[in-house]
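Step one of this worksheet: look at the structure below.
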Amino acid sequence: MFQKILIANRGEIACRVIRTAKRLGIATVAVYSEADARALHVDLADEAWPIGPPPARESYLAIDKILDVARRSGAEAIHPGYGFLSENADFADACAQAGVVFIGPPPGAIRAMGSKAESKAIMQRSGVPLVPGYHGEAQDFQTVSEAAARIGYPVLIKASAGGGGKGMRIVERPSDLETAIEGAKREARSSFGDDRVLVEKYLTRPRHIEIQVFADTRGNFAFLFERDCSIQRRYQKVVEEAPAPGMDPPRRRLMGEAAIAAARAVGYVGAGTVEFIAEGEVFYFMEMNTRLQVEHPVTEMITGQDLVEWQLRVASGEPLPLIQDQLGIRGHAIEVRVYAEDPARDFLPSIGTLVHLRQPREAAHVRVDTGVGQGHQITPYYDPMIAKLIVWGEDRPAAVRRLAGALSEYEVVGVQTNLGLLRAIVDNPAFEQARLDTGFIARHADELLPAITPRLPEADETAVWAAATLAVLAEQRAAKQGKAERSGDRWSPWDVADAWRLNGEGYQDLRFRRGEETLTVRTHPQAGGSFRLDLPAGSVQAEAAESEAGMFLRVDGISHRARVVRRRAELTVILAGRNHVLHQVDPLAPPRLEMAGEDKLIAPIPARVSRVLIEPGARVKKGVPLLVLEAMKMELTLSAPLDGTIETLRHRAGEMVEEGTELVTFAREER
Ligand code: MV4
């Protein structure tokens with residue numbers, strides 16, 4: 001077994017690998033970019049080496065820098081995690097040339113499975129079922145249309161060089177085929193520089209079921225059963241679970257053996273995942289991932305195995321820790337990916353500081369794999385994952401219940417998150433009844449992604465205002481007590497925060513703003529530390545007690561749990577599983593500057609200007625693309641907010657811009 005390994009990754013997977021290495025007594029070397037200098041994985045590792053500026057291509061993708069650290073630190077092996085260099089055959093080759101063990105499959109297997117056409121040809125030879133279709137070189141319309149007729153409509157046109165759904169076109173009838181092929185070719189050419197297409201039988205409601213396979217250097221193979229990853233959004237997995245609902249043992253064995261056949265065909269070693277789309281009784285090969293998947297923890301939870309330990313043992317030449325017949329399934333596990341994304345901006349990454357972060361309490365059957373903590377930054381350079389939440393239950397309903405409970409414990413302030421979507425999925429009857437397929441989110445979009453946030457029940461609405469008000473009053477009391485203690489006259493009447501007034505009952509008015517709504521709450525201190533609050537819905541009796549677990553609030557006898565987090569004048573009240581943002585209005589503050597109107601083009605998130613599409617002086621119509629921004633391997637096209645003449649372009653291609661930066665100004669006469 002290794003004495004010291006380097007983890008060529010960051011975030012939750014780096015922390016996760018370090019955790020297993022430590023348990024096995026293996027020393028760990030972390031690498032970090034300037035943006036990650038205070039990241040969690042840097043703290044957890046035995047040693048940490050800087051490898052460059054934040055952009056991944058100058059740090060986590062910089063093969064020479066990583067191998068240089070491996071050499072200088074004496075690391076014998078490198079764990080690539082997932083993403084970054086984990087499926088880069090050239091990196092695996094470079095490790096071998098540097099005499100460092102790459103903890104992953106042989107480069108040849110990576111290359112074979114990296115090519116869509118080659119991987120399908122290998123599957124065909126190995127008897128692994130492929131979707132009925134045509135993948136040939138001849139691309140003339142006659143050939144493709146005859147193939148489509150043979151397959152039977154509906155068919156799916158896909159880019160041969162593509163992946164992740166780019167360029168896919170569903171064709172319901174022959175008359176639509178030619179247009180669809182032209183569209184797919186155009187998109188394939190612009191996305192992949194290769195306009196070849198293939199045509200397949202279209203499965204209308206498929207499930208995404210993948211098999212975890214493992215192979216060692218002694219020719220042993222095993223499959224660690226399946227995961228169902230059907231709930232995806234824009235081809236990104238959102239919920240993963242194991243075992244797949246409704247899977248029966250004979251079919252599981254069939255799929256497992258097909259997956260092992262695929263792995264064996266390429267001389268596989270290490271952890272791999274064979275992805276299938278399945279519908280009814282049939283299942284077809286989609287692709288093979290030659291890395292440890294993000295969702296591997298659900299497999300670990302139902303098999304009781306540590307897959308990173310398996311990787312380390314196999315990479316150091318040991319045999320598989322268990323053989324097939326020693327592996328079994330116990331219970332059910334579900335994982336959700338908690339992301340800093342903004343549902344109001346089509347789930348664009350939400351960049352910022354995790355001012356407040358409270359993750360579910362870890363327990364026997366609740367696991368939180370995270371790479372961040374309170375106060376850490378979600379930056380525009382990397383995947384905006386906050387954590388993976390994984391739960392286990394004796395059966396699926398128990399796991400679903402435990403997941404709902406764990407999700408209710410999440411508290412995040414400082415960035416937007418997808419927690420609302422995750423909670424809606426887990427509460428959705430179709431999910432609870434395991435009616436899953438890859439169209440799940442699209443089909444239930446109205447319930448899962450409501451255009452407007454549904455109003456809270458009256459009692460919760462009142463509780464939100466009461467929580468904010470009592471939090472401010474508690475702050476004032478604490479400040480007065482602090483002042484009294486510092487003044488040396490603890491009992492001075494001037495320092496009692498009881499809203500005492502000459503000739504009348506004491507009261508204090510507090511003003512808040514929520515969106516466009518401004519509200520004054522008159523507060524009347526009562527005996528025993530409670531307050532009467534005059535709210536829009538009427539007066540209520542309210543009291544609160546603060547603890548590490550948050551605020552315990554009682555309003556007219558009804559109790560609520562809440563958390564109030566202050567950021568300058570902004571108060572975020574976390575209550576009933578949602579964040580409610582209020583602003584405390586300081587009556588003495590100057591009037592709020594009007595926000596920039598729609599006649600400006602400002603950067604919605606920190607990003608790099610990747611393309612400028614216009615010149616100063618150009619006249620543009622509203623909606624015309626002006627700039628393309630790039631953040632975390634995603635492109636965002638910004639269009640003209642009005643008809644007008646471009647006055648100035650503030651930033652050139654290649655420059656980094658902060659969120660809120662003004663990018664383009666329009667000539668004054670048209671503002
Ligand atoms: C399909 C399909 C239905 N029929 N192929 C999406 C991206 C790529 N991984 C393959 N994908 C699909 N291929 C045929 N013949 C449906 C999908 C698909 C999908 C597959 C797996 C997971 C999520 C998906 C979401 C939409 C479409």
Seminar exercise, completed: Spelling it out for ALA640: with amide H atoms placed in the peptide plane at 1.01 Å from N, the residues 5 or more places away or on another chain with amide H under 5 Å from its amide H are GLY623, VAL624, LEU626
Problem set entry | HN-Hα J in Hz across segment 102-108 - Karplus 6.51, -1.76, 1.60, θ = phi - 60°, x for Gly and Pro | 8, 7, x, x, x, x, x
Seminar exercise, completed: Cα-Cα longer than 31 Å, checked against LYS201/LYS388; LYS22/LYS116; LYS166/LYS622; LYS116/LYS621; LYS22/LYS237, kept in input order, equals LYS201/LYS388; LYS22/LYS116; LYS116/LYS621
For this session: Considering only DSSP beta bridges where both residues belong to the chain, give the percentage that are antiparallel (nearest 5).
Result: 90
For this session: Might you tell me the accessible area per residue for the chain, computed with a 1.4 Å probe and given in Å²?
Result: 46
Seminar exercise, completed: Quick calc of log₁₀ I(q)/I(0), segment 132-201, Debye, one scatterer on every Cα, no solvent, q values 0.12, 0.14, 0.18, 0.28 1/Å, result -0.24, -0.33, -0.55, -1.35
Seminar exercise, completed: Over all pairs of different Cα atoms in segment 419-578, the reciprocal of the mean inverse distance gives a Kirkwood radius in Å of 18.3
For this session: Can you tell me the equivalent ellipsoid semi-axes for the chain? Use √(5λ) from the Cα gyration tensor, largest first, whole Å.
Result: 48, 32, 27
Seminar exercise, completed: Semi-axes (Å, rounded, descending) of the ellipsoid equivalent to segment 1-53 per its C-alpha gyration tensor are 19, 10, 8
Problem set entry | In order through segment 643-658: 3J(HN,Hα) via Karplus (6.51 cos²θ - 1.76 cosθ + 1.60), integer Hz, x for Gly, Pro | 6, x, 10, 5, 8, 9, 10, 6, 9, 9, 4, x, 7, 8, 10, 7
Seminar exercise, completed: Sorted by chain and number, the residues with a modelled amide H under 5 Å from that of ASP194, at a separation of 5 or more or across chains, are ARG189
For this session: Would you please give the FRET efficiency between ALA398 and LEU642, computed as 1/(1 + (r/R0)^6) with r the Cβ-Cβ distance and R0 = 45 Å, to the nearest 0.05?
Result: 0.25
Exercise. Going from most exposed to least, what order do ARG337, ARG313 have by accessible area with a 1.4 Å probe?
Worked result: ARG313, ARG337
Seminar exercise, completed: Sorted list, accessible surface of protein heavy atoms, 1.4 Å probe, largest first, for VAL17, VAL42 is VAL42, VAL17
Exercise. Taking the highest mean first, how do the peptides 419-428, 4-13 order by number of other beta carbon atoms within 10 angstrom per residue?
Worked result: 4-13, 419-428
Exercise. Using modelled amide H (1.01 Å from N, peptide plane; none on Pro or chain starts), what sits under 5 Å from the amide H of ASP383, excluding residues fewer than 5 places away?
Worked result: none
Seminar exercise, completed: The correct ranking of ILE63, ILE18 by accessible area at 1.4 Å, largest first, is ILE63, ILE18
Exercise. Taking a probe of 1.4 angstrom, what is the accessible area of TRP49 in Å², to the nearest 10?
Worked result: 50
Seminar exercise, completed: Rounded to a whole %, the carbon-and-sulfur portion of the accessible area of the chain at a 1.4 Å probe is 51
Problem set entry | Rg followed by Dmax, in Å, when segment 600-666 is reduced to its Cα trace | 10.8, 31
Exercise. Hey, rough spin-label estimate for ASP427 and LEU613, points 7 angstrom out along Cα→Cβ, what's it come to in nanometres?
Worked result: 3.8
For this session: Calculate how steeply helix 141-151 sits against the longest principal axis of the alpha-carbon atoms of the chain, using the helix alpha-carbon long axis, and give the answer as 0 to 90 degrees to the nearest 10.
Result: 80
Exercise. What is the extension gain from ARG205 to ASN220, computed as 0.36 nm multiplied by their sequence separation minus the C-alpha to C-alpha distance, in nm to one decimal?
Worked result: 1.9 nm
Seminar exercise, completed: Whole-Hz Karplus couplings 3J(HN,Hα) for segment 541-558, θ = phi - 60° and coefficients 6.51, -1.76, 1.60, Gly and Pro as x, run 8, 9, 8, 9, 10, 9, 8, 4, 7, x, 9, 9, 10, 10, 10, 6, x, 8
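Per the helix-only calculation at 222 nm, which mean residue ellipticity applies to the chain, given -39500 (n - 2.57) for every DSSP H run of n ≥ 4 and division by its residues, nearest 500 deg cm²/dmol?
-8000 deg cm²/dmol
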Exercise. Counting other Cβ atoms within 10 Å of each Cβ, which GluC sites (Glu not before Pro) in segment 201-284 have at most 15 and sit in a DSSP loop?
Worked result: GLU281
Exercise. For ASP446, what accessible area in Å² do you get when you roll a 1.4 Å probe over the heavy atoms of the protein chains, rounding to the nearest 10?
Worked result: 140
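The values are calculated or read from the model by the stated rules, or taken from the named source; none is laboratory data. All of these numbers come straight from a predicted model, not from anything done at the bench. So basically every Cβ, Gly included, is an ideal-geometry build from the backbone, and we count neighbours across all protein chains shown. Surface accessibility is based on the protein's heavy atoms, side chains included, excluding ligands, DNA and RNA. Shrake-Rupley method; radii C 1.70, N 1.55, O 1.52, S 1.80 Å.
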